Each structure stands twice: as structure tokens, then as C-alpha cells.
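The structure under discussion appears below in the form of C-alpha cells.
The values are calculated or read from the model by the stated rules, or taken from the named source; none is laboratory data. Please read all numbers here as calculations on a predicted model, not as lab measurements. For neighbour counting, all protein chains shown are included, and Cβ atoms are generated from backbone atoms with ideal geometry for every residue, glycine included. Accessible surface is based on the protein model in full, side chains and every heavy atom, while ligands, DNA and RNA are left aside. Shrake-Rupley method; radii C 1.70, N 1.55, O 1.52, S 1.80 Å.
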Amino acid sequence: ADDFPVSCTAVRIPTARAHSENIVALFEKPVDIAAARKTLEDAPGVKLVDDTENFKYPMPLTATGQYEVEVGRLRQNIAFDNALELFVCGDQLLRGAALNAVLVAEAMVKNGSIKAKGAT
């Protein structure tokens, strides 16, 4: 598909330099949480922090000062079988929104998910 529906909720609380978001990503097929977890563990620039039993999950405090973006609280969306919910925190000075947008777009062009403007 040429589009990738995502619903994000920005969490704006007083933090020195980190942003946080709850993300809901919709896919064509039901999501396998174990496969999503493995994909995120192997993803460059991502640090999987998802051990809620031991109170380990992404937090602005722990994301501050890191180039990697913390990702965790992975779960299936209760409204849609084909949706994955996750919570992310990243240091806005080291890994800000503009840099992430460029990196994601470059990766999507490279893997064929989208085409660069003017590409045939």
C-alpha cells in the first residue's frame, strides 16, 4: 500500500528535553506482537524498553541523553485487530522530530514503501 495510517497522541508534560507519544499503527493484517517486538529490537535507533512487570517502559527521564528512541508498552489495540499500540520517548535535542521524519522517509523510499517525489 502507498499509505500507512497512524494515530499519535503527544504527551506534553514538563520535561527538560524529551518528547513522548502514544502511537496506534494500522496494518492490513492482524498484528503479531512477538514479531513486532522482534522487529523493534532489531531496528536501528530504537531501544526496546518493555518490561511492565518490573516497571520498565519508555520514560522521558530515561530517554534524555540517548540517541536511541525508547519504545515499549506494545499491545494490540482493543478496537482493531490489525492495530498495534506503542509508547515512545526520545530526546528531542539528539533525536528530534525533524531528524526522525527524514530517517523514516529515507527508509521507506529504500524499502519501496513510498517513492521519492519525481521518481518513476
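Here are some notes:
- Residues in region 35-83 that are at pLDDT 90 or above and acidic (Asp, Glu) were compared, and the one that is least open to solvent (accessible area, probe 1.4 Å) is GLU70.
- Pairs where the first residue, in region 94-120, is modelled with pLDDT under 85 and the second is part of a loop (DSSP other than H, G, I, E, B) and hydroxyl-bearing (Ser, Thr, Tyr), C-beta under 7 Å, 6+ apart: LEU94/TYR67; ARG95/TYR67
- VAL24 vs. criteria of a type in the set (Val, Ile, Thr), out of contact with any helix residue (DSSP H, G or I) (no Cβ under 6 Å at 6 or more places or on another chain), surrounded by 15 or more Cβ atoms within 10 Å (Cβ to Cβ) and assigned to a strand (DSSP E or B): yes
- Restricting region 84-113 to residues that are under 22 Å from PRO30 (Cα atoms) and surrounded by 12 or more Cβ atoms within 10 Å (Cβ to Cβ), the residue that is farthest from the chain's Cα centre (by Cα): SER113
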